[in-house]
Number of protein chains: 4
Amino acid sequence: MQALVLEETKRLRLRDITLDEPLTPHDVRVRIHTVGICGSDVHYYQHGAIGPFVVRAPMVLGHEAAGVVEEVGAAVTTLRVGDRVCMEPGIPDANSRPTRLGLYNLDPTVRFWATPPVHGCLRPTVVHPAAFTFRLPDNVSFGEGAMVEPLAVGLHAANKARIKPGDVAVVLGAGPIGMVTAMAALAGGCSRVFITDVQPPKLALAATLGAITPVNVRDENLGDLVRRATGGWGADLVFDAVGVPQSLAQALDVLCPGGAIVLIGMPGAPVPFDVVAAQVKEARFETIFRYAHVFPRALELMGSRKIDVRPLITDRYAFADSIAAFDYAVRPRPTSVKVQIEL
Amino acid sequence: MQALVLEETKRLRLRDITLDEPLTPHDVRVRIHTVGICGSDVHYYQHGAIGPFVVRAPMVLGHEAAGVVEEVGAAVTTLRVGDRVCMEPGIPDANSRPTRLGLYNLDPTVRFWATPPVHGCLRPTVVHPAAFTFRLPDNVSFGEGAMVEPLAVGLHAANKARIKPGDVAVVLGAGPIGMVTAMAALAGGCSRVFITDVQPPKLALAATLGAITPVNVRDENLGDLVRRATGGWGADLVFDAVGVPQSLAQALDVLCPGGAIVLIGMPGAPVPFDVVAAQVKEARFETIFRYAHVFPRALELMGSRKIDVRPLITDRYAFADSIAAFDYAVRPRPTSVKVQIEL
Amino acid sequence: MQALVLEETKRLRLRDITLDEPLTPHDVRVRIHTVGICGSDVHYYQHGAIGPFVVRAPMVLGHEAAGVVEEVGAAVTTLRVGDRVCMEPGIPDANSRPTRLGLYNLDPTVRFWATPPVHGCLRPTVVHPAAFTFRLPDNVSFGEGAMVEPLAVGLHAANKARIKPGDVAVVLGAGPIGMVTAMAALAGGCSRVFITDVQPPKLALAATLGAITPVNVRDENLGDLVRRATGGWGADLVFDAVGVPQSLAQALDVLCPGGAIVLIGMPGAPVPFDVVAAQVKEARFETIFRYAHVFPRALELMGSRKIDVRPLITDRYAFADSIAAFDYAVRPRPTSVKVQIEL
Amino acid sequence: MQALVLEETKRLRLRDITLDEPLTPHDVRVRIHTVGICGSDVHYYQHGAIGPFVVRAPMVLGHEAAGVVEEVGAAVTTLRVGDRVCMEPGIPDANSRPTRLGLYNLDPTVRFWATPPVHGCLRPTVVHPAAFTFRLPDNVSFGEGAMVEPLAVGLHAANKARIKPGDVAVVLGAGPIGMVTAMAALAGGCSRVFITDVQPPKLALAATLGAITPVNVRDENLGDLVRRATGGWGADLVFDAVGVPQSLAQALDVLCPGGAIVLIGMPGAPVPFDVVAAQVKEARFETIFRYAHVFPRALELMGSRKIDVRPLITDRYAFADSIAAFDYAVRPRPTSVKVQIEL
């Protein structure tokens, strides 16, 4: 089959590849319809590695996918040929201790699409475990289905935050993950969200997505704004979708007594942490790694239109133009959020 | 001042009453603007008692109120004259053990408006602790402010449920409390709500309030509907806003493994409980008594329009027509949800 | 191999049986050393059924077992030949939705030893998944290892209770499960436990197991005792290990405001539930079905001697005397708690 | 009355002082029996300040106290003259938002003994709110009563950790707070605790306090030890009672996937935080500031002897020798844990 292959750093090719994928009884074969480009795909394309994960052999890119079930394993009872689906890209070892505890995202032996040496899904078909393949509601498009993966990060963060209905939240950073986190926080019970960035187009888009107040931290003091809006109390929750050295201090500044901070962004090096500033507020910190158990929840929220990710799908390319899509994703327009490829 | 006084069972009078209400340093005096009529007010009017609470002396009715701050105690820093506010009707003992633990609604010595022998708020002014008086957002009307009290019951139930984003909920009963509970469940993170009743007008109204599926349990099988909608899994949460003997069995039938049931309705006698049916699903049960700490959250959610209670305010009367309002509330039209009196 | 077979109701035989048990890569073969007799074993012996589970063909009894690893599957990395182990008797479907969520005890397709039609472990060897086989600490005997299964019920209840350090608990019922629950509650953070029964020998034994106050409810008023001991506040937690119609009322009577009740005992029919009595305390109810994820915790607590179940092993029989052991277990001495068979 | 007064940095005097302490209706007057010396007392003595809290006027020291009720306010119902008691040293504003939420330790207007400008309790009598005065069980001595305050820090940490029965914990640091935290973790449900330090006498004492494994981090690798003891999994909980720059890295190294770290020690400056190392384990962090609601729990655990702090009371002085006691506390023997003064 033809696939988008990262041959080596900065060299993509759309070419034939032979992948031996037998269909075991618990698997389905899915014809891919839409694949979103993630920042990690772009990073592998540009740099050939992310931390300890180094591309040492040609690898198919892509891990945000939706498609149609084409073949069903003998033991599968939850899906049928023709079902429109999206897939969770990480397959854990069912026998590992984290998996059995329900923490399958923390299984160190997980096989995750387009994380070397595992091939991704920018190709016509994939074989995938039925347990990690989810039926799309009728009113959810393939494009939205391919957005479930990034949305899952925001929802997992919202889950960990343990939102109480009516909480006021701050999201640091209005990139794609910041935006889905703001949507997840609102859908998950927050009354409203302050979102920060320094790029006006991103803030302008974010402001259209719900009860979201954009804050350009170049011009405005976030802490003052939030305190004024909350009678001096502060934000119940802060989601850090940036992960820069200043994030923690900013999060602690706007946080209310007894509040919680969810660390989503991944700083490149240790950041300074003012423990005493956290203690005087008894701040709780949650950290997340990918997600677990949230795909069905994302689909429920999309199906009931409590979350509508369609404004985030800003750019679409045909499969034949995949390399152009990646080159665009390296330097997108400032109004761009998510680039998708349709097969 | 003139007040709506329940002289004895079935006898209301709008008449002068002398109430000695000194303003202590932590109090405010509020000019009442709107008061909603609650089922408990109607019940005292008709029966003179609710359980152990018996009206033995003339008592002013009303406990759902909004108004304007008219005078401010010396130690009050959070409110100013002219502030538009609503009030939490129960005043606990600050020194009781439940109050110190944050469970002030469980303080047995709480003084609650229009619960004998404590006078209610259907009168021109009340003196109230600033700590239980909350400023209305600019876009929230007095009528909505007077709805915060019933909404607080639904929000407290949503809080206790510990909703995870995307949960599917069932609300049993589409009376006023069922409706605000459905709204609270959606605002608090549920993807959608099935609401049951046997009165078509109530179900029709409920269906307009959000991602709410009305189920007339006279004609439809709730369990089948919910299981079909959830791939056979069941509802994550069930809120029982009815409290009849069959509620528990119905709640357990539709519940998913590991789900939770919140008991809001107050049955008149012990109900049969199939413990083993609960155990095979490891059902969790939460019970609620009034509410605690949710007025500010209700106002946040109203202010950001995540909750809009205006469709529930179906009938308005002038203060001079208070007795007519109560007589209407005894036998309201089927489309009626909340009757309010404006002073 | 020779096994203790329940041929039909009231007819046990120690006889040869052929069981085809291939060792798959994730399994171990365990030579059984000790098996405890559970109330359910006795019930199948006497009545041939428990609820919907009917013994329709000869079935080996026993599900509380410890032994030695004799053979190890190719993919097993956590165990070695010679390891002393105990086994979790229920094997869920790794692909079911409850299992993936970490709620494997709620998987309706679980295969559980000595629950028809699945054979139990009163036989020389069993093949078992390594993931449900746990190494005993060096200082934990086989007898104690075979007690992990019943202890797991108490620990799971303690887990669900969400004990806060220093909580005061009440355990209703001083049978084997009541006793392990009291021990689990103490080990799990309670400061002390009141345990009830009507049999003086059981109460006398319970009183030796830790900070446990025995209460003979024939002679003493539990509610008065607990309130006196807690300054009128009540017990933070109540574990119902009896499951009779009066249990719920008794649990609610002694409970403190905001407390929790864990329902362990399985009443034979629906019980009356005073919902309003629960609501005025905002009681939380947890129900349990067997256990999940607690075997390693039980072994940690035994290994550090925070839990010492040895006083509960009151009677031992040789495998050859298995039928005598069961006949004794049908009508044990009042001082008897756990009968074990050694192979 | 005569009191131990810190006149200025490094100058203590035992001298007469006039304190105007009227007894309001909710207060009790307590005759002080025992007062423990805390590290903060010693720090004020030596340096005259802790962070923003500067001693600008003579101040009575001491905040760990037990004594006897001598006089009771008119509204007090929970205490009687002659009751043996200990006192919580911080008095919050009952009307503040944190206090009403049950987070009274986070009230910024709290008045805390021996925190400038509030006088401490090293004097014959104090007037204190009954709500923050707790009766000692009969078998708890005044010395133990005066230990409740430091123990409360450990218990609050254990509370925040949300221990599950059988958790394995690590406590970094075997100073007084490390030791009470280890005891609280064990009493609160942990199966065992690894405690670290570099001083052999402290580790030797800690090893006598329960299922505690001492680890001298000068000689031993904590991470290796814990992993070996937990089958490679790691510790469920880490309590950092040190608060040095390396603590966080060490805590993250020994932590299991999905585990939690409680930050008790207060570093003097921001510490480096490897966010990604936390994320790959989805570590949760809790921070604590003093304590709330744990004095009654500490007393329950002392009364049932689940916690026995007597081995920690290593040095006793008479009130007349208070200055000598402080001078000793500045440079104690390595085997010293808690120095107390008896009035």
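What the table below lists for this structure:
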{"quantity": "Sparse-neighbour loop sites [GluC sites (Glu not before Pro); the range D:203-290; at most 15 other C-beta within 10 Å; DSSP]", "calculated": "D:Glu220"}
{"quantity": "DSSP bridge pairs, the range B:154-287: antiparallel proportion in percent, nearest 5", "calculated": "0"}
{"quantity": "Residues A:Ile264, C:Ile17, sorted so that the one with the fewest Cβ neighbours within 10 Å comes first", "calculated": "C:Ile17, A:Ile264"}
{"quantity": "Pairwise FRET efficiency - D:Leu23 versus B:Asp138, Cβ, R0 = 56 Å, nearest 0.05", "calculated": "0.75"}
{"quantity": "Dipole of chain B, positive direction: furthest Cα of B:Gln46, B:Pro92, B:Met1, with charges on the beta-carbon", "calculated": "B:Pro92"}
{"quantity": "Residue with peak Gaussian network fluctuation, chain A [Cα springs, cutoff 10 Å], from A:Asp308, A:Asp16, A:Asp107", "calculated": "A:Asp16"}
{"quantity": "Set of lysines with alpha-carbon distance to C:Lys202 below 18 Å, sequence-local pairs under 8 removed", "calculated": "C:Lys338"}
{"quantity": "Relative frequency of Cα-Cα separations exceeding 37 Å in chain A, percent", "calculated": "18"}
{"quantity": "Selection of trypsin sites (Lys or Arg not before Pro), the range A:1-63, meeting DSSP coil and at most 14 other Cβ within 10 Å", "calculated": "A:Lys10, A:Arg56"}
{"quantity": "Cβ-placed point charges (K, R +1; D, E -1), dipole of chain B about Cα centre in debye, nearest 20", "calculated": "260"}
{"quantity": "Residue of A:Pro150, A:Pro116, A:Pro98 that the Gaussian network model of chain A assigns the largest fluctuation, springs spanning Cα pairs under 10 Å", "calculated": "A:Pro98"}
{"quantity": "Per-residue HN-Hα couplings for the range D:181-190 [Karplus 6.51, -1.76, 1.60; θ = phi - 60°; Hz; x = Gly/Pro]", "calculated": "5, 4, 5, 5, 5, 5, 4, x, x, 5"}
{"quantity": "Net charge over other residues, Cβ less than 11 angstrom from the Cβ of C:Thr213 (K, R count +1; D, E count -1)", "calculated": "0"}
{"quantity": "Cα-centred dipole magnitude for the protein assembly as shown, charges only on beta-carbon of K, R (+1) and D, E (-1), debye, nearest 20", "calculated": "0"}
{"quantity": "Value at 222 nm in deg cm²/dmol, rounded to 500, when DSSP H runs of n ≥ 4 in chain B each add -39,500 (n - 2.57)", "calculated": "-7000 deg cm²/dmol"}
{"quantity": "Fewest-first sequence of B:Arg227, A:Arg123, C:Arg111 by Cβ atoms within 10 Å of each Cβ", "calculated": "C:Arg111, B:Arg227, A:Arg123"}
{"quantity": "Distances in nm from D:Ala204 to the matching label points in the other copies, shortest first (labels 7 Å along Cα to Cβ)", "calculated": "4.5, 7.4, 8.6"}
{"quantity": "Gyration tensor (alpha-carbon) shape descriptor, the range C:154-287, a/c threshold 1.5", "calculated": "rounded"}
{"quantity": "Neighbouring partner chain Cβ atoms per residue of B:164-173, average, 10 Å criterion", "calculated": "6"}
{"quantity": "FRET efficiency for A:Arg80 and C:Arg56, using Cβ-Cβ distance with R0 set to 35 Å, rounded to 0.05", "calculated": "0.55"}
{"quantity": "DSSP beta bridge pairing in the protein assembly as shown, given as percent antiparallel to the nearest 5", "calculated": "55"}
{"quantity": "A:Arg333 versus B:Ala204: modelled label distance in nm, points set 7 Å from Cα along the beta carbon direction", "calculated": "4.7"}
{"quantity": "Counted charge near B:Ala131, where neighbours are those whose Cβ lies closer than 11 Å (Asp, Glu -1; Lys, Arg +1)", "calculated": "-1"}
{"quantity": "DSSP-defined antiparallel bridges as percent of all bridges, chain A, nearest 5", "calculated": "55"}
{"quantity": "Sequence of A:Asp219, A:Asp41 once ranked by neighbouring C-beta atoms within 10 Å, starting from the fewest", "calculated": "A:Asp219, A:Asp41"}
{"quantity": "Whichever aspartates and glutamates have a C-alpha closer than 14 Å to that of D:Lys306, once near sequence neighbours (fewer than 8 apart) are set aside", "calculated": "C:Asp167, D:Glu144"}
{"quantity": "Inter-label distance for D:Gln2 and C:Ser40, nm, one decimal - labels placed 7 Å from Cα along Cα-to-Cβ", "calculated": "7.1"}
{"quantity": "Prolate/oblate/rounded call for the protein assembly as shown, Cα gyration tensor, a/c under 1.5 rounded", "calculated": "rounded"}
{"quantity": "For B:Pro52, label point 7 Å along C-beta direction: distances to other copies, nm", "calculated": "4.2, 4.6, 6.2"}
{"quantity": "Calculated label separations, A:Thr335, copies of the chain, 7 Å along the beta-carbon direction, nm", "calculated": "4.4, 7.9, 8.7"}
{"quantity": "Selected from A:Arg135, A:Arg331, A:Arg310 as most flexible by GNM, with chain A as the system and alpha-carbon contacts under 10 Å", "calculated": "A:Arg331"}
{"quantity": "Cα-centre dipole for the range D:192-343 with unit charges at Cβ (Lys and Arg positive, Asp and Glu negative), debye to 20", "calculated": "320"}
{"quantity": "Set of lysines with alpha-carbon distance to D:Lys281 below 21 Å, sequence-local pairs under 8 removed", "calculated": "A:Lys160, D:Lys160, D:Lys164"}
{"quantity": "Rg/Rg_ref, the range A:9-112, where Rg_ref = 2.2 N^0.38 Å and atoms are Cα", "calculated": "1.23"}
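Read-outs: derived from the displayed coordinates by stated rules, not from any lab. Please read these numbers as outputs of a predicted model, since none were measured by experiment. Note that we place each Cβ from the backbone using ideal geometry, even for glycine, and neighbour counts take in every protein chain shown.
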